[in-house]
Amino acid sequence: MQRSGIRTLMELALRDPDCLRLEIGEPDVPTPPHVVEAAAADARAGHTHYTSSVGSPELRAALADTVSAATGTAVRPDEVIVTHGAMHGLAMAINATMGPGDEILLPDPEFPNWRMAAVAAGVGVATYPARAAYGFVPTLEDIEAAITTRTKVILVNSPNNPTGAVYPAELLAGIVALARRHDLWVFSDECYESITFGVAHRSPSVFDTDARVIAFHSFSKTYAMTGWRLGYVVVRDPVVAGLLGQVAEATIACPSAISQRAALAALTGPQGAVRAAVDSYRERRDAAIALLTTRGIPCARPDGAFYLMVDVSAAVADGQEFAKRLVAEAHVAVAPGEAFGPGGAGMVRVSLASERSILLEGLSRLADLVDAWGGAADRGVVVGARA
Ligand SMILES: Cc1ncc(COP(=O)(O)O)c(C=O)c1O
């Protein structure tokens, strides 16, 4: 298993106490206080025991209601499996649906942990391009061209990490139809579902007529709850739902009881903090793009999630090399585009969830370095993510 290139940068950054950290993918705000208070009270009240392997009945019922309202399809509580985060759900689903010789199709650029989960499960990985020229939105033709007899799963991730692309409904409908034609599963990583800027998030599950879409959700980003480790899987196929329950029992016994209480409080309590966070990411996105545009550095305008892909290839062709020198010379950490696959080459990923003044100072130093190494003379167009 290859190490994630983001980790390598993180370790360099950790050795430098003055480093501005723009490589991390988590909200800069704490978990909303009402969630923390509810969980503390519930811990005192004795919610500290094992629950069902697939989650407590109250939380599953609340999640089924939430998903039903969001998708317009009636989802039952037994179709919801509570997990230790979206990645845990994804890793379990790979184990439940795939075996040796099977392949999962990932978008390129990719979130590296998907590949790590596949490698850990002993299954193969192939990719389909999500090209920068098309705003990082893949085409059905490119996805279909990547399908082979080994393909078992197409993974989609919208809003996307690392590109911020939000896929249009027609594309998602097309992917589900494609999967039906080739008899494949669709894994939909929806961990940024709540974070979009003026465009709607659509789940491919709304186009699913035969239970082939498995959706992975998370409390990490929506509610600033990364360390609580809580997410859930929506799975309509009863055999896979049963297998996920067995894998959960064999691996974690059950999701953390107290994190499930916190999740219930987050889900059923006031949603103001979620809206405020999204507004703030949007404002930071606009400020970041304005700064880069003024400095003549191309970037792709994200419609969702909280990442910005910045093209630094005019300075250094290799984003990895650029990111290392940026830490060493300007004390700014960003994630090298190559850490997300060949589709990220020559770019770096900047987290918009970083504190605003740190974000803008970091980008300004990045622009200085691009100027110093490559000159910004005749560039300066922002590539619209939905151009
Ligand atoms: C695309 C994507 N999927 C999954 C995760 C992990 O989510 P969780 O914390 O719920 O495991 C992340 C976290 O960065 C992510 O970016």
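Here are the numbers:
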{"item": "Per-region count, segment 68-114, residues within 12 Å of the ligand (Cβ to nearest atom) and over 30 Å from Tyr50 (Cβ atoms)", "result": "6"}
{"item": "Matching residues, segment 195-251, being assigned to a helix (DSSP H, G or I) and polar (S, T, N, Q)", "result": "Ser205, Thr226, Gln246, Thr251"}
{"item": "Test: residue in segment 284-305 that is surrounded by fewer than 17 Cβ atoms within 10 Å (Cβ to Cβ) and within 27 Å of Thr73 (Cβ to Cβ)", "result": "no"}
{"item": "Filtered residue count, segment 182-207, keeping only those that are in contact with a helix residue (DSSP H, G or I) (Cβ under 9 Å, 6 or more places away or on another chain), of a type outside the set (S, T, N, Q) and away from the ligand (no atom under 16 Å from the Cβ)", "result": "9"}
{"item": "Selection within segment 11-44 - within 15 Å of the ligand (Cβ to nearest atom), modelled with pLDDT of 90 or more and of a type in the set (A, V, I, L, M)", "result": "Leu22"}
{"item": "Filter result for the condition that a residue is touching a strand residue (DSSP E or B) at 6+ places or on another chain (Cβ under 9 Å) and of a type in the set (A, V, I, L, M), over Val316, Val350", "result": "Val350"}
{"item": "Qualifying position, being closer than 16 Å to Ala64 by Cβ, of a type in the set (Phe, Trp, Tyr) and at pLDDT 95 or above, among Phe219, Phe207", "result": "Phe219"}
{"item": "Selection status of Asp311, of a type in the set (Asp, Glu), crowded, with 24+ Cβ neighbours inside 10 Å and at pLDDT 95 or above", "result": "no"}
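The rows are residues; the columns are (1) under 20 Å from the mean Cα position of the chain (by Cα); (2) under 24 Å from Ala69 (Cα atoms); (3) among the polar types (S, T, N, Q); (4) modelled with pLDDT of 95 or more.
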position: Ala145; (1), (2), (3), (4): no, no, no, yes
position: Leu172; (1), (2), (3), (4): yes, yes, no, yes
position: Leu178; (1), (2), (3), (4): no, no, no, yes
position: Ser188; (1), (2), (3), (4): yes, yes, yes, yes
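The values are calculated or read from the model by the stated rules, or taken from the named source; none is laboratory data. Note that the structure is a prediction, hence the values are computed from the model and not measured. Counting neighbours? That spans all protein chains shown, and the Cβs are built from the backbone with ideal geometry, glycine included.
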